[in-house]
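Just below is one structure, and these are the notes that go with it.
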């Protein structure tokens, strides 16, 4: 695994309690300035970040196993990102591509055409956030097919805007009290191997049966799916599920849309998670890991679908900002040059055996799942399948107090998700896992 070039030591250092006094002071200021609806997992205030470590305002250095929710795949402050961003800021920061275009927007779209699954002719449009990308994928699908219905899945997460709230499954905190939602959204069962104990083919038959009986294939514009679900609990469908759904879509003139916002850009050990089963989407949405921490998102799809959109129907003032495009090109170069897909697989090879042994030892882990450096640990009450969100939260707090940043997720709030930067060193990852193992053992008693 290639170590990042960083200016600060890659080590966990605790000089104060977590959060420290300066972070607590800033958090008090926050209460008078920031809306309460914007929450933070861990209220330490970051002064600097490098590679796989966050350095806070109190002089603590924390191991980062969250990557800003799968954003800093290439590590924080990667020189391949920092250097081109500095150059671009010095040249110009904005013109709006819809007014006067610039070359690095084209270069990002060319990279997306080359990297995303499939050898067909592709086009891309760039946006700011994952939710924007998903909304535009829905627009494209409806316009290209002349149909209205969008099919999504149990446990799905696609964003917090009005349309993407309708696409997202979980009510609290994302949807409750925020309706009415966009119409023509339909939800079907997801393959959840740890709980439904079905093969991918069986789960796909159930989903397709629901679609055909409740909607009819000829009314469906698109099936939208995360190849591995993110916020819903890092649920990886049983093998065969995705290809079967994609085959049904192709046979019925329905677009298969892969939401690879969290899974993309080497996170799962391939450039995109669809590649693990040779699934080629009609449209693919990307964001998060694309630009090393700068806001950028994209919809990439078959040329005939993307070009069916009339001029002016796609875009936005900041979409494909030149600074973000410079960051994306640097980030992609880092992923390619450092072979971060292989680095993600190495992270999984280190973590999965340890976590599965921990599950056997403690009896409170229902499932360990995921691919590469996208790892989910589901906690339930011993001997049952009953979710245990309280235990999950205690373990997360214990890790935070010891200087390891981990995240929770899941429809029931009972999954710890690990998303380390793909450049994290093995010793640093080993130390972070040791803190997690200790917390699980202590709180499982």
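The values are calculated or read from the model by the stated rules, or taken from the named source; none is laboratory data. Quick caveat: nothing in here was measured; it's all calculated off a predicted structure. Cβ coordinates were reconstructed from backbone atoms using ideal geometry, including for glycine residues, and neighbour counts include every protein chain displayed.
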Taking the stated definitions as given, is residue 320 modelled with pLDDT of 95 or more and surrounded by 23 or more Cβ atoms within 10 Å (Cβ to Cβ)? yes
Does the stretch 227-244 include one or more residues that are over 23 Å from the mean Cα position of the chain (by Cα), in a loop (DSSP other than H, G, I, E, B) and at pLDDT 95 or above? no
Could you tell me whether any residue of the stretch 215-224 is within 30 Å of residue 365 (Cβ to Cβ) and surrounded by fewer than 17 Cβ atoms within 10 Å (Cβ to Cβ)? no
Where residues in the stretch 245-260 are in contact with a helix residue (DSSP H, G or I) (Cβ under 8 Å, 6 or more places away or on another chain) and crowded, with 23+ Cβ neighbours inside 10 Å, which of them is farthest from residue 149 (Cα to Cα)? 260
Select from the stretch 145-193 the residues that are in a loop (DSSP other than H, G, I, E, B), in contact with a strand residue (DSSP E or B) (Cβ under 7 Å, 6 or more places away or on another chain) and crowded, with 22+ Cβ neighbours inside 10 Å and list them in ascending order. 158, 190
Do we have any residue at all in the stretch 359-377 that's surrounded by 21 or more Cβ atoms within 10 Å (Cβ to Cβ), out of contact with any helix residue (DSSP H, G or I) (no Cβ under 8 Å at 6 or more places or on another chain) and under 17 Å from residue 234 (Cα atoms)? yes
Just give me the residues in the stretch 116-128 being crowded, with 21+ Cβ neighbours inside 10 Å and either within 17 Å of the chain's Cα centre (by Cα) or farther than 19 Å from residue 319 by Cβ (or both), in sequence order. 116, 127
Between 353, 421, which is touching a helix residue (DSSP H, G or I) at 6+ places or on another chain (Cβ under 6 Å) and more than 20 Å from residue 195 (Cβ to Cβ)? 421
Looking at 54, 112, 42, which is the one that is farther than 30 Å from residue 125 by Cα, surrounded by 14 or more Cβ atoms within 10 Å (Cβ to Cβ) and in contact with a helix residue (DSSP H, G or I) (Cβ under 9 Å, 6 or more places away or on another chain)? 42
Does at least one position in the stretch 324-346 carry a residue that is within 23 Å of residue 95 (Cβ to Cβ), in contact (Cβ under 8 Å) with a residue 24 or more places away in the chain, buried (at least 18 other Cβ atoms within 10 Å of the Cβ) and over 20 Å from the mean Cα position of the chain (by Cα)? yes
Looking at the stretch 57-73, is at least one residue free of Cβ contacts under 8 Å to residues at least 60 places away in the same chain, assigned by TED's automatic domain parsing to the domain that holds residue 299, in a loop (DSSP other than H, G, I, E, B) and more than 25 Å from residue 230 (Cβ to Cβ)? no
Where residue 234 falls short, out of the listed (1) in contact with a helix residue (DSSP H, G or I) (Cβ under 7 Å, 6 or more places away or on another chain); (2) buried (at least 24 other Cβ atoms within 10 Å of the Cβ); (3) on the phi > 0 side of the Ramachandran plot: (1)
Which one of these does residue 272 not meet: (1) touching a strand residue (DSSP E or B) at 6+ places or on another chain (Cβ under 8 Å); (2) surrounded by fewer than 23 Cβ atoms within 10 Å (Cβ to Cβ)? (2)
For the stretch 410-445 the number of residues that are farther than 28 Å from residue 8 by Cα, surrounded by fewer than 22 Cβ atoms within 10 Å (Cβ to Cβ) and touching a residue at least 40 places away in the same chain (Cβ under 8 Å) is 6
Residue 351: buried (at least 23 other Cβ atoms within 10 Å of the Cβ), at pLDDT 95 or above and touching a strand residue (DSSP E or B) at 6+ places or on another chain (Cβ under 6 Å), yes or no? yes
Of the residues in the stretch 222-273, how many are over 20 Å from residue 69 (Cβ atoms) and touching a residue at least 24 places away in the same chain (Cβ under 8 Å)? 20
